[in-house]
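Working notes, structure below.
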């Protein structure tokens, strides 16, 4: 076989394999089917000891969020889906008791760009400045493709209960986050 044909077939086969693997895993996750070895794949299943600077360059530790539902949203100023979901995350924080829930935005961006953006588009939730370690952390939390936005939710005892790559919808917030902060009726 001609070397050019071998190269084209190899690239095509590799692309199809990667696409099938990503589609297949997403299919299992959306149907809440546990995959064999999922817990042992090196991913974090609990809120990590996270220390990142805020916009005033003060270090913030994830220990300060203990006992709360924690919504961590990785975003950037150059990411249109990130910017579209920010008002919903802001409303979630403003509309929920701060003793029960904390929304944390981790900006994967240049600090000056984040400051300029938030000067015009202020939010009522905490924004931290991410770095290359924050990108690696998002991957360890389940963001295999390292896409933005990426959101991960932890329950009040720090267990990871939900993750989503891409823009969050109001339906996802109602289904996966609000039940964690809504007081039990009884």
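The values are calculated or read from the model by the stated rules, or taken from the named source; none is laboratory data. Nothing here was measured: the structure is a model prediction, and the numbers come from that model. Cβ atoms come from the backbone with ideal geometry, glycine included; neighbour counts cover every protein chain shown.
Structure summary
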quantity	calculated
Qualifying positions in the range 40-75 - farther than 19 Å from residue 149 by Cβ, assigned to a strand (DSSP E or B) and in contact with a helix residue (DSSP H, G or I) (Cβ under 9 Å, 6 or more places away or on another chain)	51, 53
Qualifying positions in the range 129-154 - closer than 20 Å to residue 88 by Cβ, touching a residue at least 40 places away in the same chain (Cβ under 8 Å) and not in a strand (DSSP E or B)	138, 143, 148, 149
Any chance residue 135 is in contact with a helix residue (DSSP H, G or I) (Cβ under 8 Å, 6 or more places away or on another chain), in the same structural domain as residue 72 (by TED's automatic domain parsing) and surrounded by 15 or more Cβ atoms within 10 Å (Cβ to Cβ)	no
Residue in the range 160-170 that is surrounded by fewer than 12 Cβ atoms within 10 Å (Cβ to Cβ), touching a strand residue (DSSP E or B) at 6+ places or on another chain (Cβ under 9 Å), at pLDDT 95 or above and farther than 13 Å from residue 73 by Cβ present	no
Count - residues of the range 173-184 that are surrounded by fewer than 17 Cβ atoms within 10 Å (Cβ to Cβ) and modelled with pLDDT of 95 or more	4
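So that you can scan it fast, the table gives a plain yes or no per residue for (1) part of a loop (DSSP other than H, G, I, E, B); (2) more than 19 Å from the chain's Cα centre (by Cα); (3) within 11 Å of residue 55 (Cα to Cα); (4) assigned by TED's automatic domain parsing to the domain that holds residue 61:
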| position | (1), (2), (3), (4) |
| --- | --- |
| 92 | no, no, no, yes |
| 98 | yes, yes, no, yes |
| 104 | no, no, no, yes |
| 112 | no, yes, yes, yes |
| 118 | no, yes, yes, yes |
| 122 | yes, yes, no, yes |
| 127 | no, no, yes, yes |
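Let's see how each residue does on (1) under 23 Å from residue 181 (Cβ atoms); (2) surrounded by fewer than 21 Cβ atoms within 10 Å (Cβ to Cβ):
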{"site": "51", "(1), (2)": "no, yes"}
{"site": "59", "(1), (2)": "no, yes"}
{"site": "73", "(1), (2)": "yes, no"}
{"site": "84", "(1), (2)": "yes, yes"}
{"site": "87", "(1), (2)": "yes, yes"}
{"site": "90", "(1), (2)": "yes, yes"}
{"site": "97", "(1), (2)": "yes, yes"}
{"site": "111", "(1), (2)": "no, yes"}
